[in-house]
Amino acid sequence: MIDKNFLIWVNVLLFLGLLLILFEIYEKDPMYEDPVLSHLGMSKEDVIDKYGEPGFEGDIGGPGGKEFFYEEKNISFIFAGDEGVVNNLRIFPEKEILEVEVGMKFEEIIEVLGEPREMGFDSYTGRYTLVYFLGEELNGMGEVEVWFSASEEGASTEEAEIFWKKYWY
């Protein structure tokens, strides 16, 4: 006959092992510790609690949703779709992401982040872009995509758009 205490300890150890596995699966990638990227997944209420009412609130196209713009913080929080969580961002000059400040030129950004996924003129936006894929890649998309843009080749960047593609897969 098996000792009752032995079975209890086996169950406790199995439970702890399961917890360790779950923590490892759900451990956030260190890139999400970046002050800008850490906003991904925040609710509208959390954004308002942290920053107050937005200076501008507008509707967005595509899947629908809202955009909250905070001029004093140089950031827009985008709640695409109907989930009510930040799943895209736009940042503007003097805002920093991954040790790159919007306003730097492409060659300066490349010195910090390395070779981009894509670089050149984007006929859709009519701007020059520098694109980085961060995290895992699935179906030709990065887990997070960062698109730096400038109005002219060789000019300073004017904004960076951050797309949380993992949210949609």
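Quick notes
- Answer from Arg117, Arg90, Arg127 - the residue that is over 21 Å from His39 (Cβ atoms) and crowded, with 17+ Cβ neighbours inside 10 Å: Arg127
- Selection from the stretch 41-56 of residues that are surrounded by 13 or more Cβ atoms within 10 Å (Cβ to Cβ), not hydrophobic (A, V, I, L, M, F, W, C) and not in a loop (DSSP other than H, G, I, E, B): Ser43, Lys44, Asp46, Tyr51
- Test result for Asn139, in contact with a strand residue (DSSP E or B) (Cβ under 9 Å, 6 or more places away or on another chain) and polar (S, T, N, Q): no
- Annotation: of all residues in the stretch 59-79 being surrounded by 11 or more Cβ atoms within 10 Å (Cβ to Cβ) and more than 17 Å from Phe92 (Cα to Cα), the one that is nearest to the chain's Cα centre (by Cα) is Phe79.
- Gly154, sole failed condition from (1) outside any strand (DSSP E or B); (2) at negative phi: (2)
- Residues of the stretch 72-124 that are in a strand (DSSP E or B), of a type outside the set (A, V, I, L, M, F, W, C) and in contact (Cβ under 8 Å) with a residue 60 or more places away in the chain: Asn88, Arg90, Glu96.
- Residues of the stretch 57-66 satisfying the condition of being more than 8 Å from Ala80 (Cα to Cα) and outside any loop (DSSP other than H, G, I, E, B): Glu57, Gly58, Asp59
- Single unsatisfied condition, Met104 versus (1) under 18 Å from the mean Cα position of the chain (by Cα); (2) surrounded by 13 or more Cβ atoms within 10 Å (Cβ to Cβ); (3) among the aliphatic types (A, V, I, L, M): (1)
Taken together, the values in this text are just the output of simple stated rules run on the coordinates, not laboratory data. Remember, it's a predicted structure, so these values are computed and weren't measured experimentally. Cβ sites come from the backbone with ideal geometry, for glycine too, and all protein chains shown count toward neighbours.
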